[in-house]
Amino acid sequence: MGRRIIAGNWKMNPVGLKEALKLAKGVESLLKDINNLERVIFPPFVYLYPIKSEVKNIQVGAQNVFYEDKGAFTGEISPKMLKDIGVNWVIVGHSERRHIIGEDNNMILKKVRKSLEEGFRVILCVGETLNERELHRHKEVVKRQLDGVPDGENLIIAYEPVWAIGTGRNAKPEQIEEMHTLIKGETGKMVLYGGSVNPENSDELASVKNVDGFLVGGASLDAEKFYKIALSLIKFQP
Ligand code: PGA
């Protein structure tokens, strides 16, 4: 396994290039003395190039990508375009893309395959809804989301229960350990946890077995909070 990873998913935030640059620079400077931790931020597409140009000591990734190189795909961005501006990480299959935009497993698999072929580090997100958990179907749902996923050394899985994302209600350590152990058993990959990670719960969550890092949403928009969460990953290795 590689080093633990902290990833910041900015989603559709912040509104304004100036703010985006300020946040990226803030994260870069706060995390600069942390060793032995991979750090990557995922700003909206329009900020990728300016951030890449000005922020050199933190990796930058895209929140989504298409599975073709070019052509008549209005509104889409290809892996080759991202590579051309030096972006080499992508998130694929985030629950907001599955549930709000309507991406299905089939499309997500195509994106994962293409991104791995193009040499990206790929964070594939999986996770059950509240209803699925209440019906005790969480393991089956996540296994299905992992079905047919190609093997690739650059693939990383993020377990993000949908009910924990942006709700302030993180999954419990024992729930996380159970699912991470399952996912690791199925894939052999590093597994990040995501869903309401914040500086108040990050020590506890970083201590959970088989947690290889975090995918942080809301708290990644605050450089100080992101930094504190990064410190937990260093200090609290199980
Ligand atoms: P959250 O989002 O940290 O705001 O819950 C996590 C994610 O969606 O990746």
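A few comments on the model shown:
- Residue among LEU215, LEU192, LEU233, LEU205 that is of a type in the set (A, V, I, L, M, F, W, C), in contact with a helix residue (DSSP H, G or I) (Cβ under 6 Å, 6 or more places away or on another chain) and closer than 20 Å to ILE157 by Cα: LEU233
Residue-wise test of (1) in contact with a Phe, Trp or Tyr (Cβ under 7 Å, 6 or more places away or on another chain); (2) surrounded by 17 or more Cβ atoms within 10 Å (Cβ to Cβ).
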{"position": "GLY127", "(1), (2)": "yes, yes"}
{"position": "LYS143", "(1), (2)": "no, no"}
{"position": "ALA164", "(1), (2)": "no, yes"}
{"position": "LYS172", "(1), (2)": "no, no"}
{"position": "GLU204", "(1), (2)": "no, no"}
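- When every residue of segment 33-43 is checked against the conditions, at least one turns out to be more than 23 Å from ASN154 (Cα to Cα), of a type outside the set (A, V, I, L, M) and at pLDDT below 95.
- For GLU160, the requirement of being more than 16 Å from the ligand (Cβ to nearest atom) and either within 25 Å of GLU38 (Cβ to Cβ) or touching a helix residue (DSSP H, G or I) at 6+ places or on another chain (Cβ under 6 Å) (or both) is not met.
- Unmet criterion (only one of (1) surrounded by 13 or more Cβ atoms within 10 Å (Cβ to Cβ); (2) free of Cβ contacts under 8 Å to residues at least 24 places away in the same chain) for GLY75: (1)
- Helices (runs of 4 or more DSSP H) completely within segment 150-238 that count 1 or more residues being within 20 Å of HIS94 (Cα to Cα): 173-187, 223-235
- Residue check for ILE123: under 18 Å from the mean Cα position of the chain (by Cα) and within 11 Å of the ligand (Cβ to nearest atom): yes
- For GLY195, the conditions (1) at positive phi; (2) more than 15 Å from the ligand (Cβ to nearest atom); (3) in contact (Cβ under 8 Å) with a residue 40 or more places away in the chain are fulfilled apart from (2).
- Count - residues of segment 46-72 that are exposed (fewer than 15 other Cβ atoms within 10 Å of the Cβ), closer than 24 Å to MET107 by Cα and in contact (Cβ under 8 Å) with a residue 12 or more places away in the chain: 2
- Taking segment 147-157 as the range and being away from the ligand (no atom under 16 Å from the Cβ) and buried (at least 17 other Cβ atoms within 10 Å of the Cβ) as the test, the residues that pass are VAL149, GLY152, LEU155.
- From the list GLY152, GLY148, GLY188, GLY166, the lone residue that is free of Cβ contacts under 8 Å to residues at least 60 places away in the same chain and within 16 Å of ASN105 (Cβ to Cβ) is GLY148.
The values are calculated or read from the model by the stated rules, or taken from the named source; none is laboratory data. All of these numbers come straight from a predicted model, not from anything done at the bench. Neighbour counts run over all protein chains shown; Cβ positions are idealised from the backbone, glycine included.
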